[in-house]
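I'd like to ask you about the structure that follows.
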Amino acid sequence: NNLSVCRKCLNKIEYIKPPYCQTCFLPLPDGGAHCWRCRKTKYHFEKVIAVGKYTGVLRELILKFKEKDFLKKALGNLLLSVVTKNIALEQFDLIAAVPLSKKKEFGRDYNQSQLLAELLAAQMNKEVISGNLIRVKDTKPQFELTRAERLVNLKDAFFVKDPSVLKNKNIVLVDDIATTCSTLEECSTVLKNAGAKKVFCAVLARD
């Protein structure tokens, strides 16, 4: 199964280039170090890094990835290159994925964020945590909600089973898309409360 994504398609991805927000990686066409939201919000993660904008080819690939796990290599390598550019190997210890609800994972047979996390871990020689950060609440799909509703929707949705694994560790948290960063924020809060020192977020797309 050697299917992959051709160079031509990869070249069509709208990669995020500077200037972008130093905290959430949102492109800032007018320059500056931080977007208005990050200027007034204190997050539990250090920063978010992303491959590209959630449009065009990248969007199609991510949507296909929900059905076809062969895309893990192509998408995982894109994520790997942006992670290695932005986070030094010695800056983190463990890699974790944003968990899907059991219902979603059952319908899909796999969690694409977990596949990406495993690929990163293998390539970067780091340990990936599985089944420790779990989703305990089936939440409504985030895209139907406003930002304020998103945060309420995610309240107490995540849980860490064994905090000792995370004690004083720096973590790279992987997901496919970041829109308002509320899922990343909620997971980071739970990881920090469980004893993690720093959380860096790595996503395929910034919406």
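Here is a yes/no grid of residues against (1) in contact with a helix residue (DSSP H, G or I) (Cβ under 7 Å, 6 or more places away or on another chain); (2) modelled with pLDDT of 95 or more; (3) surrounded by fewer than 16 Cβ atoms within 10 Å (Cβ to Cβ); (4) under 18 Å from A74 (Cβ atoms):
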| site | (1), (2), (3), (4) |
| --- | --- |
| Q112 | yes, no, no, yes |
| A117 | no, yes, no, yes |
| A121 | no, yes, no, yes |
| Q142 | yes, no, no, no |
| L145 | yes, no, no, no |
| A157 | yes, no, no, no |
| V172 | yes, yes, no, no |
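Out of the strands (runs of 3 or more DSSP E) lying entirely within segment 109-177, which hold 2 or more residues that are under 17 Å from F45 (Cβ atoms)?
Working: elements: 127-129, 133-135, 158-160.
Filter on segment 109-177 gives 158-160.
Consider K192 against the criteria (1) in a loop (DSSP other than H, G, I, E, B); (2) within 18 Å of I87 (Cβ to Cβ); (3) open to solvent by 30 Å² or more (accessible area, probe 1.4 Å); (4) not β-branched (V, I, T): it satisfies all of them except one. Which criterion is unmet?
Of (1) in a loop (DSSP other than H, G, I, E, B); (2) within 18 Å of I87 (Cβ to Cβ); (3) open to solvent by 30 Å² or more (accessible area, probe 1.4 Å); (4) not β-branched (V, I, T), only one is false for K192: (1).
Among (1) more than 17 Å from I177 (Cβ to Cβ); (2) over 16 Å from the mean Cα position of the chain (by Cα), there is one condition K104 misses while meeting the rest; what is its number?
Condition (1) is where K104 drops out.
Is one or more of the residues making up segment 171-184 touching a Phe, Trp or Tyr at 6+ places or on another chain (Cβ under 8 Å) and acidic (D, E)?
Within segment 171-184, one or more residues are touching a Phe, Trp or Tyr at 6+ places or on another chain (Cβ under 8 Å) and acidic (D, E).
In addition: Being touching a residue at least 40 places away in the same chain (Cβ under 8 Å) and open to solvent by 60 Å² or more (accessible area, probe 1.4 Å) is the filter here, so list the residues in segment 80-96 that pass it.
T84, Q91, D93
Another question, then. Which one of these is at pLDDT 95 or above, closer than 16 Å to A96 by Cβ and in contact with a helix residue (DSSP H, G or I) (Cβ under 7 Å, 6 or more places away or on another chain): L166, L184? Spell out how you get there, then give the answer.
Numbers: L184 fails: in contact with a helix residue (DSSP H, G or I) (Cβ under 7 Å, 6 or more places away or on another chain).
Just a single option satisfies the conditions, and that option is L166.
Just wondering, is there one or more residues in segment 60-79 that are open to solvent by 10 Å² or more (accessible area, probe 1.4 Å), in a helix (DSSP H, G or I), touching a Lys or Arg at 6+ places or on another chain (Cβ under 8 Å) and more than 16 Å from R206 (Cβ to Cβ)?
Within segment 60-79, none of the residues are open to solvent by 10 Å² or more (accessible area, probe 1.4 Å), in a helix (DSSP H, G or I), touching a Lys or Arg at 6+ places or on another chain (Cβ under 8 Å) and more than 16 Å from R206 (Cβ to Cβ).
Let me ask something additional. Hey, any hits in segment 21-43 for a residue that's at pLDDT 95 or above, closer than 23 Å to V160 by Cβ, surrounded by 13 or more Cβ atoms within 10 Å (Cβ to Cβ) and in contact with a helix residue (DSSP H, G or I) (Cβ under 7 Å, 6 or more places away or on another chain)?
For segment 21-43, residues at pLDDT 95 or above, closer than 23 Å to V160 by Cβ, surrounded by 13 or more Cβ atoms within 10 Å (Cβ to Cβ) and in contact with a helix residue (DSSP H, G or I) (Cβ under 7 Å, 6 or more places away or on another chain): present.
So, one more: Answer yes if at least one residue in segment 176-185 is over 25 Å from G76 (Cβ atoms) and open to solvent by 30 Å² or more (accessible area, probe 1.4 Å), and no otherwise. Steps first, answer last, please.
First, pick out the residues of segment 176-185 that are over 25 Å from G76 (Cβ atoms): none.
For segment 176-185, residues over 25 Å from G76 (Cβ atoms) and open to solvent by 30 Å² or more (accessible area, probe 1.4 Å): absent.
The values are calculated or read from the model by the stated rules, or taken from the named source; none is laboratory data. As the structure is a computational prediction, the values presented were derived from the model and not from experiment. All Cβ positions, glycine included, derive from the backbone under ideal geometry; neighbour counts span all protein chains shown. Just the protein is used for accessible areas: all its heavy atoms, side chains included, with ligands, DNA and RNA removed. Shrake-Rupley method; radii C 1.70, N 1.55, O 1.52, S 1.80 Å.
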